[in-house]
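Okay, structure first, notes after.
The values are calculated or read from the model by the stated rules, or taken from the named source; none is laboratory data. All values derive from a computational prediction rather than experimental measurement. Here the Cβ positions follow ideal geometry from the backbone for every residue, glycine too, while neighbour counts run over all protein chains shown. Calculation scope for accessible area: heavy atoms of the full protein, side chains included, ligands and nucleic acids excluded. Shrake-Rupley method; radii C 1.70, N 1.55, O 1.52, S 1.80 Å.
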Amino acid sequence: MAKIALITGATSGIGEACAHVFAREGYNVILTGRRLDRLEKLAGHLNETYNVEIAVSAFDVRDREEVIKNLENLPAEWKKVNVLVNNAGLSQGLDPIQKGSYDDWDTMIDTNVKGLLYVSRVVSNWMISSGFGHIINLGSIAGKEVYANGNVYCATKHAVDALNKGMRIDLLPYGIKVTAVHPGAVETEFSEVRFKGDKARAKKVYEGFEPLVADDVAETIWFAASRPAHVNINELTIMPTAQSGASNIFRK
Ligand code: NDP
Ligand code: 8X3
């Protein structure tokens with residue numbers, strides 16, 4: 001029977017790239033995100049290209065009841081998830097703490113921390129019942145360092161770093177692997193979302209150097225997911241060659 005990967009935030013960027021990689025490797029994939037049209041289009045494409053089964057479940061990770069209802073409504077055979085990629089996340093704004101938007105703070109904390117927790121709570125119980133599983137959390141260089149005006153986004157990714165370690169301790173007796181992947185700058189919809197649709201400002205983030213692309217991160221996630229059963233990658237930091245840290249990019 002084919003293995004199963006559940007990917008949150010599969011409508012774009014790193015999540016969408018992960019869906020391609022896991023489908024290419026023969027996994028049946030559960031695609032989640034809010035934009036159902038994108039999920040359905042991707043599902044059709046993956047099914048046709050890789051001849052694997054795809055399930056789609058559209059929900060907002062911030063809504064606890066919706067997360068539980070949508071995941072629990074999946075057919076029993078889809079609950080034997082081998083790999084959960086906790087990828088859904090976002091940044092909103094880039095302001096000093098004294099000027100930060102309350103709404104932006106709520107959105108980031110509710111999505112990046114609470115949303116990840118809601119999904120993990122449900123799926124880790126499935127994994128305990130199955131007796132196997134691997135949770136891969138998308139952290140960030142922002143979860144290892146703090147940069148100017150990154151305050152709350154960095155705090156959410158530091159929380160993911162802590163939760164990654166906590167999950168590994170708590171799930172150890174069940175043989176469930178837990179990994180964090182921490183990327184530096186990846187050109188996706190991330191900056192457009194951060195700057196609320198300001199494409200020109202988003203484009204500037206990646207000017208003068210070669211950023212990572214979503215596939216670079218997806219292949220790294222696949223590396224962690226494809227180690228032998230006795231090997232767990234605790235965490236990996238992946239950066240563009242032109243970036244040495246959260247605040248240091250060499251631009252031509
Ligand atoms: P994208 O904006 O391209 O993708 C983000 C994904 O998250 C989308 O599929 C989006 O789906 C989903 N998402 C956002 N909010 C919600 C929500 N409330 N409920 C459900 N899904 C949601 O960005 P990336 O691919 O770059 O980001 C993926 C992850 O990688 C994030 O956790 C991000 O913090 C992290 N990361 C990104 C880096 C970068 O430089 N790009 C670097 C380091 C880490 P939809 O809108 O359809 O719901
Ligand atoms: C995304 C990378 O440096 O923009 O997590 O925070 S950064």
Item checked: residue 163 being away from ligand 2 (no atom under 11 Å from the Cβ) and either under 19 Å from residue 8 (Cα atoms) or out of contact with any Ser or Thr (no Cβ under 8 Å at 6 or more places or on another chain) (or both) -> yes
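One line per residue, one yes/no per condition, for (1) open to solvent by 20 Å² or more (accessible area, probe 1.4 Å); (2) out of contact with any helix residue (DSSP H, G or I) (no Cβ under 8 Å at 6 or more places or on another chain):
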residue	(1), (2)
157	no, no
161	no, no
179	no, no
201	yes, no
220	yes, yes
Next item on the list: Kindly indicate whether residue 191 is of a type in the set (S, T, N, Q), within 15 Å of ligand 2 (Cβ to nearest atom), more than 17 Å from residue 135 (Cα to Cα) and buried (at least 19 other Cβ atoms within 10 Å of the Cβ).
Entry: yes
Note to self: Of everything in the range 120-141, what is surrounded by fewer than 24 Cβ atoms within 10 Å (Cβ to Cβ), within 15 Å of ligand 1 (Cβ to nearest atom) and either at positive phi or not polar (S, T, N, Q) (or both)? Give them in sequence order.
What the structure shows: 122, 123, 141
Notebook entry, point to check: Do we find that residue 184 is over 20 Å from residue 8 (Cα atoms) and at pLDDT 95 or above in this structure?
Noted result: no
Note to self: Being touching a Lys or Arg at 6+ places or on another chain (Cβ under 8 Å) and either among the small types (Gly, Ala, Ser) or surrounded by 15 or more Cβ atoms within 10 Å (Cβ to Cβ) (or both) is the filter here; which residues of the range 233-252 pass it?
What the structure shows: 233, 237, 242, 246
Check: Picking from 85, 81, 119, 123, which residue would you name as being in contact with a helix residue (DSSP H, G or I) (Cβ under 9 Å, 6 or more places away or on another chain), within 20 Å of residue 214 (Cα to Cα) and more than 15 Å from ligand 2 (Cβ to nearest atom)?
Finding: 85
Note to self: On the basis of being among the hydrophobic types (A, V, I, L, M, F, W, C) and without any contact (Cβ under 8 Å) to a residue 12 or more places away in the chain, does residue 162 make the cut?
What the structure shows: yes
Note to self: Tally up the residues in the range 61-101 that are within 24 Å of residue 36 (Cβ to Cβ) and of a type in the set (Gly, Ala, Ser), please.
What the structure shows: 4
Notebook entry, point to check: Restricting the range 36-93 to residues that are of a type in the set (A, V, I, L, M) and open to solvent by 60 Å² or more (accessible area, probe 1.4 Å), which is nearest to residue 199 (Cα to Cα)?
Noted result: 36
Check: Does the range 142-155 hold any residues that are open to solvent by 30 Å² or more (accessible area, probe 1.4 Å) and more than 9 Å from ligand 2 (Cβ to nearest atom), and which are they?
Finding: 144, 146, 148, 149, 151, 155
Check: Looking at 104, 110, which is the one that is of a type outside the set (Val, Ile, Thr), part of a helix (DSSP H, G or I) and over 15 Å from the mean Cα position of the chain (by Cα)?
Finding: 104
